[in-house]
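Note sheet for the following structure.
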Amino acid sequence: AYAAGGDLKGAIRTLQEVVDYVPRVAVDLAGYQVRAGLLKEAAASYAIALAAQPNSREIKVQRIAALYNAKEYAQAAALAGEARKQHPDDQNFARLQARALFDAGDRSAAIAVAEASAKAFPRDSQTKWVLAELYSEAGRDGDRERLLRQMVTESPSDARALNELGYL
């Protein structure tokens, strides 16, 4: 009711009172905290939610995103790396880890993660776009061009890849 009325602080206070007794509300609490800009607090709430649902990929992604948006890049990268080991078939975690590593300042590790992921899952275009973005931000235009050309070869009608290649 508080949240519906626009009172996020009230919603957060109420859920904080019960989260220890009813851990399933931790996801809702974290969502309100994110909306209120309390990103580190949201990450802590997502950790509580994960204790109750340790295999939830969605909660893991939300926790990593909260930390990333709080500019806690190293912690976001570490959690994404752990999640990658737990869910090797889910490329979201590789993309999140690569982006967080890059923004934490470890560009070579970020690119290595994205390259390995793109190689392991060659049909995952989202990972290729993250890799292209990392190449661009790292000033590796030759690698970016090679990747974009590969993407156009695989999908000649990919307007985004054609545009990016043209801009490059």
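The values are calculated or read from the model by the stated rules, or taken from the named source; none is laboratory data. Since this is a predicted model, take the numbers as computed values, not measurements. As a convention, Cβ positions derive from the backbone with ideal geometry for all residues, glycine included, and neighbour counts pool all protein chains shown. Accessible surface areas use protein heavy atoms only, side chains included; no ligands, DNA or RNA. Shrake-Rupley method; radii C 1.70, N 1.55, O 1.52, S 1.80 Å.
Counting only residues that are in contact with a helix residue (DSSP H, G or I) (Cβ under 7 Å, 6 or more places away or on another chain) and open to solvent by 50 Å² or more (accessible area, probe 1.4 Å), which one in segment 74-95 is farthest from Leu131 (Cα to Cα)? By that ranking, first place goes to Gln75. Scan segment 83-91 and give yes if some residue there is charged (D, E, K, R) and outside any helix (DSSP H, G or I), otherwise no. Yes, that holds for at least one residue.
Restricting segment 96-117 to residues that are of a type in the set (D, E, K, R) and more than 26 Å from Ile59 (Cβ to Cβ), which is least open to solvent (accessible area, probe 1.4 Å)?
Pass one, segment 96-117, residues of a type in the set (D, E, K, R): 99, 103, 106-107, 115.
With more than 26 Å from Ile59 (Cβ to Cβ) added as a condition, the list becomes 107, 115.
Numbers: Arg107: 116, Glu115: 69 Å².
This residue is Glu115.
Which residues, taken from segment 47-72, are within 10 Å of Leu96 (Cα to Cα) and open to solvent by 40 Å² or more (accessible area, probe 1.4 Å)?
Just the residues of segment 47-72 that are within 10 Å of Leu96 (Cα to Cα), to begin with: 61, 64-65, 68.
Selection gives Val61, Tyr68.
When each of Lys9, Lys60 is tested for being over 14 Å from the mean Cα position of the chain (by Cα) and part of a helix (DSSP H, G or I), the lone residue that passes is Lys9. Here Arg24 qualifies as in a helix (DSSP H, G or I) and open to solvent by 70 Å² or more (accessible area, probe 1.4 Å). The set of residues from segment 110-141 being among the hydroxyl-bearing types (Ser, Thr, Tyr) and modelled with pLDDT of 95 or more comprises Ser117, Thr127, Tyr135, Ser136.
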